[in-house]
Amino acid sequence: MREKIAVQLYTLREECASDFPATLREISQIGYGGVQFAGFHGHDPKALKEILDETGLKAAGLHVGLDELLERGDQVADEAEVLGTIDIICPGIAEAIRTEGGYKGVRSDLNAIAAKLKDRGIRISYHNHAFEFETKVDGKDALSYLLEPVPGNEILAELDVFWLKKAGRDPVAFFEPYGGRMPIVHLKDMTDDEEATFAPIGTGVIDFAPIIEWGETSGVEWYVVEQDSCKTDPMDCVRTSYGNLLSLMEQRTER
């Protein structure tokens, strides 16, 4: 199962900015099978691909903002191809367009990008936070509207279990409509205190066993560890998350 566990490099953004190659090598040494990019910190994707090949890491998608996708979608697809991934994910939207009309525009824009890049084998997904539940669009929460599993909507889900729980949703129950439409899931834990903030996997209140069970029967290809902020060393946090997540996966296979 190691080959399906990746880390979102936003978690290690300071480490990547300081020494990207060394950070990738350390991630590989921990045991991760992949990394998900959130920018290149001035590095050429071709040079980063050489480090991936050296370490055996795979690219588990690129997080790219909507404006950048609209302005340079073809070049982003080129970068994805260089890195060996078919997944480009919009990681949320600006506050100014979190309106009913704004979300309708986002769905239209992402579908247009998906249609343009489909012949290149590129998939477009959307990554949630909690704010999407604050707006109704056509009678449903904005996240369900964006990801609506209907013909003609090519936007895939990259659901984040922390943000679903933060919004008061049960992650597995919310996943149900997206079987076969969620190649990547984001995993982070939540502290058991009034702050209810980010925590390494296995140290908080989220039950990951049913999440993994759903993923293994519903087409999840990558389990991506992310921790937006860390109270201790970020590399130690991703090391803890990896060990605990791998243990949970191995327990499932032993049953």
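With a 1.4 Å probe and all protein chains left in place, how much of the accessible area of the chain comes from carbon and sulfur atoms, in whole percent?
Working: 5070 of 10920 Å².
Heavy-atom surface of the chain belonging to carbon and sulfur, 1.4 Å probe: 46 percent.
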So what are the ³J(HN,Hα) numbers for region 142-147, from phi and the Karplus equation (6.51, -1.76, 1.60; θ = phi - 60°), rounded to whole Hz, Gly and Pro as x? 4, 5, 4, 5, 4, 9
Report the full-extension gain for the segment Thr135 to Arg2: residue separation times 0.36 nm, less the Cα-Cα distance, to one decimal in nm. 44.1 nm
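Exactly which GluC sites (Glu not before Pro) in region 153-219 are in a DSSP loop and have at most 11 other Cβ atoms within 10 Å?
On the way: sites: Glu154, Glu158, Glu194, Glu195, Glu213, Glu216; in loops: Glu154, Glu194, Glu195.
In loop regions of region 153-219 (DSSP not H, G, I, E or B), the sparsely surrounded GluC sites (Glu not before Pro) are Glu194, Glu195.
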According to a simple spin-label model (label point 7 Å from Cα along Cα-to-Cβ), what is the distance in nm between Asp78 and Glu213? 4.7
Each label sits 7 Å from Cα toward the beta-carbon; between Glu221 and Asp53 the label points are separated, in nm, by 2.1
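Going through the DSSP H helices of the chain, which span 24 Å or more along their own axis at the Cα atoms while scoring at least -1.0 as a mean Kyte-Doolittle hydropathy?
Working: long enough: 100-117 (26 Å, -0.24); 234-254 (30 Å, -0.52).
Qualifying helices: 100-117, 234-254.
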Report the gain in length on full extension from Lys231 to Thr253: 0.36 nm times residue separation, minus Cα-Cα distance, nm rounded to one decimal. 4.7 nm
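Among the listed pairs Lys58/Lys118; Lys58/Lys188; Lys4/Lys140, give every one whose C-alpha distance is greater than 26 Å. Could you put the intermediate results ahead of the total?
Values: Lys58/Lys118 21 Å; Lys58/Lys188 20 Å; Lys4/Lys140 32 Å.
The answer is Lys4/Lys140.
Provide the gained length on full extension for the span Asp67 to Ile86, in nm with one decimal, where the gain is 0.36 nm per separating residue minus the Cα-Cα distance. Could you put the intermediate results ahead of the total?
Numbers: separation 19, 0.36 × 19 = 6.84 nm, distance 1.94 nm.
Additional length available on full extension: 4.9 nm.
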Could you tell me the distance between the Cα centroids of region 1-60 and region 132-164, to the nearest Å? 29
Placing +1 on each Lys and Arg Cβ and -1 on each Asp and Glu Cβ in the chain, then taking the dipole about the Cα centre, the residue among Gly102, Gly204, Ala112 whose Cα reaches farthest towards the positive end is Ala112
In straight Cα distance, which aspartates and glutamates are under 20 Å from Lys46, not counting same-chain residues fewer than 8 positions off? Glu15, Asp19, Glu26, Glu54, Glu68, Asp74, Asp78, Glu79, Glu81, Asp87
Hey, which lysines would be in cross-link range of Lys116, C-alpha to C-alpha under 23 Å, not counting anything within fewer than 8 residues on its own chain? Lys104
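The values are calculated or read from the model by the stated rules, or taken from the named source; none is laboratory data. Treat the numbers as computed from the prediction; the structure is a model and nothing was measured. Cβ sites come from the backbone with ideal geometry, for glycine too, and all protein chains shown count toward neighbours. We work out accessible area using only protein heavy atoms, side chains counted, and drop any ligands, DNA or RNA first. Shrake-Rupley method; radii C 1.70, N 1.55, O 1.52, S 1.80 Å.
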